[in-house]
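Working notes, structure below.
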Amino acid sequence: MGIGIRIEELRKVYDTPPPSAARGAGFSFTPVKSAPRKKFEVVALDGVSFEIRAGEIFGLLGPNGAGKSTTIGILTTRTRPTSGRAFIGEFDVWREQVKAKRLLGVVPQRPNLDFALTAREILVFHGAYFGQSAREREKRADELLEKFKLTDRATHMVRTFSGGMMQRLSIARAMMHDPEILFLDEPSAGLDPQTRLLLWEIVRDYNRLGKTIVLTTHYMDEADSLCERLAIIDHGRIIAQGTPRELKASIPGGYLLRLRFDRVPEELMAELRTLPGVTEVRTSDHIAADVYADRGGPLIGPIVTAANAAGIELHDVHIAEPSLETLFLHHTGRSLRD
Amino acid sequence: MNWKTFYALLSRDGHVARRNLLPMLLQNLLQPLLFTFVFGRVMTTSGMLPAAYKSMLLPGVMAISMVMAGVQAVAMPLIAEFQFTREIEDRLLAPIEIGWLAVAKIVTGMIQATFAGLVVIPAAWLLMGSGLSLNFGKPFEFAAVCLLVALFSSAGGLALGCSVGQTQIGLMFSLVLAPMMMFGCAYYPWSALSSFRVLQVAVLVNPLVYASEGLRGALAPQFPHIDTLLVIGVLTLIDGLILVLGLKKFQSKAVS
């Protein structure tokens, strides 16, 4: 029996520069007397609501700075919401932190392993924080080290570990107390393809035990192959949510042809719209046009013909198959990597 | 309150402290011991300072050791754990109110501070040679002062560790700890400042003054010192203030 998550109208406004930049501002030698400083304000989340069902793999997808980590931060008690509420199971995350914390395990975006301890000690102490008995935590630590192929490095200090090993240990640590919900913040950033596949397998295995998994990613293929449901987030707002299949079906046409010409006059746009299978044509800067259609390659011929007829030169064609990438582009007008 | 978790947090710090015992001892004790040797032995044996200076100096050196040990035991790991390695995050996710994590840090710091202070007595005895006269007739006053000094140093370490950035550790030492040591009445009794009236009043904001004077009152009462009960009162007040400040800073640092 898994645990679900519900968040309601979550808003987060940072009034100081967000964590990494803010920390360390201890002494200041510049007197702040001159004109009142411009008030710092960053809206990281702007009224986000969604529900994650018990036992599903849920993905939060969006570019850097979209609000993914802030959402995870709030759900894991590390960030105080400006307004709105979040529930882990029946517990209000902010008001009943201790009860919520018992239910969740977190794999952070950047490894934050305890550098003063060995790999095995990290797991054993983590178990102790969660009140496991000495025998229980020793046994579980050994099992997890074995499972994550870290047994031979168990007594080494983690500062000597490679990035991939740290990541594996982070996941092992998050699973140590057998949490009902596992949060993974950008779990495959910086992993080699092999480790990435291993990670996916581990996540699926854990999910099979009835556990809820929440992961953030900006890799479309990861979201696509791993997640049962997704929310796409941008500028602190949810712009679409559903299963990967539903979301992809919502893209008009499905295929996206990105065309570059030497210029895009209105007549050409009109001409493109009349081509067979085309559902939508957009232009942003008068040299590029995005064509949404139910087919890809077969349209190239007619497009070239139309361009030639208008005396316009076609410079480049890129065909994207139906994917979450094109979905993101459709909703935001930006590519995920922008 | 979740004692199992609290105890686990404490034992993690204890485990790490044991592992780093030797460097930690060197870091905390070398400087005061060198000072003890130069001023307590070289200067007195050569006749540049009276032999009685030894007993006057020892409580001050003990106060400095305790304060440095407590501040460093809490502040240095905190600065690194919050900023560079972020390793504190795992403990912030432990099923306990996060304030207790700070309390565990303070308890570890207090133990280290007390240890660093007590080690000074036999070590100085060896280094200073004959002529040291200490009074152990006031065990309760001595214990109370030790406890309060240990608390303010580790709570101070908490406050400093949560407000100083990694790049400012050097500044913390030269701007906060160095003046604190020099004007902490460790190397001279407070009454010696009577010809510097303004300074004598100004140094009263320095908690180290009460630590030195309190230990002097307990261990070497033959020298002029501020009344020990007064010292205990002021230290209790300072402890309360720094504790509240430190816990507040910790909370705002731990939650974004």
- Query: Can you give the alpha-carbon Rg of chain A over 2.2 N^0.38 Å, where N counts its residues?
  - Reply: 1.20
- Task: For a footprinting-style exposure proxy, rank A:His315, A:His235 by other Cβ within 10 Å, fewest first.
- Result: A:His315, A:His235
- Select from chain B the helices, each a whole stretch of DSSP H, whose alpha-carbon atoms run 15 Å or more along the helix axis and whose Kyte-Doolittle mean is at least -0.5; answer none if there are none. B:21-35, B:53-79, B:99-128, B:139-163, B:207-219, B:228-254
- Item | Selected from B:Thr114, B:Thr45, B:Thr85 as most flexible by GNM, with chain B as the system and alpha-carbon contacts under 10 Å | B:Thr85
- Message: Suppose a student asked you for the relative contact order of segment A:252-321, using Cα pairs under 8 Å spaced at least 6 residues apart; what percent would you report?
- Response: 48
- Query: What's the longest piece of chain B with no exposed chymotrypsin sites (Phe, Trp or Tyr not before Pro), counting a site as exposed if DSSP puts it in a loop and it has at most 15 other beta carbons within 10 Å?
  - Reply: B:1-135
- Task: Would you mind checking which residues have amide H under 5 Å from A:Ile239's amide H? H placed 1.01 Å from N; only 5 or more apart, or other chain.
- Result: A:Ile232, A:Ile233, A:Asp234
- Note on the structure: Residue separation between B:Leu30 and B:Ile121 times 0.36 nm, minus their alpha-carbon distance, gives in nm 31.4 nm
- Item | Computed helical MRE - 222 nm, chain A, DSSP H runs ≥ 4 contributing -39500 (n - 2.57), nearest 500 | -9500 deg cm²/dmol
- Task: Compute the FRET efficiency between A:Asp152 and B:Gln251 as 1/(1 + (r/R0)^6), taking r as their Cβ-Cβ distance and R0 = 41 Å, and round to the nearest 0.05.
- Result: 0.50
- GNM of chain A, Cα pairs under 10 angstrom: of A:Gly59, A:Gly105, A:Gly84, the biggest fluctuation goes to A:Gly84
- Item | Inter-centroid distance (Cα atoms) of segment B:183-213 relative to segment B:110-154, Å | 19
- Item | For chain A, the longest site-free run once GluC sites (Glu not before Pro) in DSSP loop states with at most 12 other Cβ atoms within 10 Å are removed | A:91-312
- Are there chymotrypsin sites (Phe, Trp or Tyr not before Pro) in segment A:36-89 that DSSP marks as loop and that have at most 15 other Cβ atoms within 10 Å, and which are they? A:Phe40
- Note on the structure: Taking only the alpha carbons of segment A:252-321, the radius of gyration and the largest Cα-Cα distance, Dmax, both in angstrom, are 10.5, 29
- Note on the structure: Mean other chain Cβ within 10 Å across A:104-116 is 5
- Query: Among the aspartates and glutamates, which have Cα under 16 Å from the Cα of A:Lys248 when same-chain residues fewer than 8 positions away are ignored?
  - Reply: A:Asp221, A:Glu222, A:Asp224, A:Glu228, A:Glu280, A:Asp294, A:Glu321, A:Glu325
- Query: Relative to a virtual label point 7 Å from the Cα of A:Ala189 in the Cα→beta-carbon direction, which members of segment A:55-88 show backbone nitrogen distances below 12 Å?
  - Reply: A:62-70
- Only Cα pairs under 8 Å and at least 6 apart count here; give the relative contact order of chain B as a rounded whole percent. 27
- Item | Residues of segment A:64-104 with amide N under 18 Å of a point placed 7 Å along Cα→Cβ from A:Leu209 | A:101-104
- Message: What does DSSP give for the protein assembly as shown in terms of the percent of beta bridges that are antiparallel, rounded to the nearest 5?
- Response: 70
- Which trypsin sites (Lys or Arg not before Pro) does segment A:135-238 hold that lie in a coil by DSSP with at most 15 other beta carbons within 10 Å? A:Lys149
- Task: Provide the FRET efficiency to the nearest 0.05 for the A:Thr16-B:Ser130 pair, computing r from the beta carbons and using R0 = 60 Å.
- Result: 0.55
- Over chain A, what relative contact order in percent results from Cα pairs under 8 Å that are six or more residues apart? 19
- Message: Based on alpha-carbon centroids, what's the gap between segment A:87-113 and segment B:1-74 in Å, whole number please?
- Response: 39
- Message: Using a 7 Å offset from the Cα along the Cα-to-Cβ direction at both A:Arg237 and A:Glu266, what is the distance between the two label points in nm, to one decimal?
- Response: 2.8
- Stokes-Einstein D for segment B:61-122 (20 °C, 1.002 mPa s, Kirkwood Rh from Cα pairs), in µm²/s, comes to 171
- chain B: Lys pairs at Cα distance under 23 angstrom, eight or more positions apart or on different chains: 5
- Query: So, in Å, what gap is there between the alpha-carbon centers of segment A:281-338 and segment A:133-180?
  - Reply: 48
- Note on the structure: Taking R0 as 45 Å and r as the Cβ-Cβ distance between B:Leu237 and A:Glu9, the FRET efficiency 1/(1 + (r/R0)^6), rounded to the nearest 0.05, comes to 0.50
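None of the figures in this text is laboratory data; all of them are computed from the coordinates on show. Owing to the predicted nature of the structure, the values given are computational and were not obtained by experimental measurement. Please note: Cβ atoms are built from the backbone with ideal geometry, for glycine as well, and neighbour counts cover all protein chains shown.
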